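To start, the structure itself, in structure tokens.
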Amino acid sequence: MTTTAPEATAALGHRLGTLLPPTALLLLEGELGAGKTCFVRGLARGLGVPEAEPIPSPSYTLMNQYQGRSPLYHFDLYRLHGREELEQIGYDDYLAGSGVTVVEWAERAGVPPHDHLRIVLRHAGEERRTVAFVASGAAFSDVVEALARAWPATGEEL
Ligand SMILES: Nc1ncnc2c1ncn2[C@@H]1O[C@H](COP(=O)(O)OP(=O)(O)OP(=O)(O)O)[C@@H](O)[C@H]1O
Ligand SMILES: [Mg+2]
């Protein structure tokens, strides 16, 4: 899928948020500035996190937590210093736990054995991004199909 403005990336995240089951693991990949945090901001609203609540990047805190219709755990592993730090914050418990866990720079922690949805964002121009979804597990295949059906071919309309 393609987005042509930050608002469109957030709108795509928002739509995914409305489609997710109460428990889900989302792994976000993409270089600096690809739009991962932007996507999570929309996702949070789609999950019912109130508009008034800011969604800052958890670069330094590693994880921020929100309450929507499910709990939302927003990780950013860019500044991760090693496996011990993951253990300190109980990362594995969030992978398998209840609620929606979304991880920026997830590749830094390796591929978890749990069912997950990989979301890969790439620069495709100044304000253009491609967003690819790779489902692991049947549940996410349905979600991705529903998302693709609801998304315009170019994202221009948003
Ligand atoms: N189509 C687009 N989708 C998302 N962001 C866009 C788009 N076009 C331009 N941008 C800009 O790109 C930047 C994306 O920033 P964002 O913090 O979401 O990236 P990130 O992938 O989370 O980066 P980091 O790896 O530093 O966490 C923002 O400044 C945003 O305004
Ligand atoms: Mg970010």
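General remarks:
- Lone unmet requirement of (1) hydroxyl-bearing (Ser, Thr, Tyr); (2) more than 21 Å from residue 135 (Cα to Cα); (3) modelled with pLDDT under 95 for residue 98: (2)
- For segment 101-132, a tally of residues being hydroxyl-bearing (Ser, Thr, Tyr) and either within 16 Å of ligand 2 (Cβ to nearest atom) or at pLDDT below 95 (or both) returns 1.
Rundown of residues vs (1) without any contact (Cβ under 8 Å) to a residue 12 or more places away in the chain; (2) more than 11 Å from ligand 1 (Cβ to nearest atom), yes/no style:
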| residue | (1), (2) |
| --- | --- |
| 113 | yes, yes |
| 124 | no, no |
| 127 | no, no |
| 136 | no, yes |
| 139 | no, yes |
| 148 | no, yes |
| 152 | yes, yes |
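- Residue match in segment 16-32 (condition: acidic (Asp, Glu), touching a helix residue (DSSP H, G or I) at 6+ places or on another chain (Cβ under 8 Å), within 13 Å of ligand 2 (Cβ to nearest atom) and under 19 Å from residue 147 (Cβ atoms)): yes
- Near pairs, Cβ below 6 angstrom, 6+ apart or cross-chain, from segment 4-16 (under 16 Å from residue 122 (Cβ atoms)) to any residue that is among the aliphatic types (A, V, I, L, M) and surrounded by fewer than 18 Cβ atoms within 10 Å (Cβ to Cβ): 8/158
- When 25, 32 are screened for being more than 9 Å from ligand 1 (Cβ to nearest atom) and not polar (S, T, N, Q), only 25 passes.
The values are calculated or read from the model by the stated rules, or taken from the named source; none is laboratory data. A quick note: this is a predicted structure, and the numbers were derived from the prediction, not measured. All Cβ positions, even for glycine, are placed from backbone atoms using ideal geometry, and neighbour counts span all protein chains on display.
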